[in-house]
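Participant: Take this structure, written in structure tokens, and hold onto it; I'll ask about it next.
The values are calculated or read from the model by the stated rules, or taken from the named source; none is laboratory data. Everything quoted here is computed from the prediction, not taken from an experiment. Virtual Cβ from ideal backbone geometry, glycine too; neighbours counted across all protein chains shown. These accessible areas exclude ligands, DNA and RNA; they are computed on the full protein's heavy atoms, side chains included. Shrake-Rupley method; radii C 1.70, N 1.55, O 1.52, S 1.80 Å.
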Amino acid sequence: DWAPLGATKGTIYLWRDNDDIGKRAEHELAALLTGYGCRVYVLAEDALNSKPKGWDAADAIKDGMTGADIKIFITANMQP
């Protein structure tokens, strides 16, 4: 149930797994949240091109990305 997020009408950033299932889920969730009135941002496809299949936020942390690194990555690679 994503309705509570929709009720905020806030800005949502989605960071999907780098695979087809993640891409499908991202599109479905983005459409749902946009329908609730949220402003939704997703990672640009180019941001994931060099990453392994299945790579996601948890892998970024395992790879040594710090909170500051993640903020820079998100800022540079999110698009509406």
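Participant: Mind pulling the angle between the C-alpha long axis of helix 67-77 and the longest principal axis of the chain? Nearest 10 degrees, somewhere in 0 to 90.
Facilitator: The answer is roughly 70 degrees.
Participant: Normalised by the residues of the chain, what does the relative contact order come to in percent, with Cα pairs under 8 Å and at least six apart?
Facilitator: 36 percent
Participant: For region 11-21, just list the computed ³J(HN,Hα) in residue order, Karplus coefficients 6.51, -1.76 and 1.60, θ = phi - 60°, integers in Hz, with x standing in for Gly and Pro.
Facilitator: Result, ordered by residue: 9, 10, 10, 9, 10, 8, 5, 7, 7, 5, 5 Hz.
Participant: At a Förster radius of 30 Å, what calculated FRET efficiency corresponds to the Cβ-Cβ distance of LYS62 and TYR13, to the nearest 0.05?
Facilitator: After rounding to 0.05, the efficiency reads 0.90.
Participant: May I ask you to give the solvent-accessible area per residue for the chain, in square angstrom, as obtained with a 1.4 angstrom probe?
Facilitator: Value returned for the chain: 65 Å² of accessible area per residue.
Participant: Tell me the Kirkwood hydrodynamic radius of the chain in angstroms, computed as one over the mean inverse distance between distinct C-alpha pairs.
Facilitator: 13.2 Å
Participant: Can you pull out the trypsin sites (Lys or Arg not before Pro) in region 41-80 that DSSP calls coil and that have at most 16 other Cβ atoms within 10 Å?
Facilitator: Values: sites: LYS53, LYS62, LYS71; in loops: LYS53.
Within region 41-80, the qualifying trypsin sites (Lys or Arg not before Pro) (loop, at most 16 other Cβ atoms within 10 Å) are LYS53.
Participant: If I ignore ligands, DNA and RNA and count only protein heavy atoms, how much of TRP15 is accessible to a 1.4 Å probe, in Å² to the nearest 10?
Facilitator: Roughly 50 Å² of TRP15 is accessible to a 1.4 Å probe.
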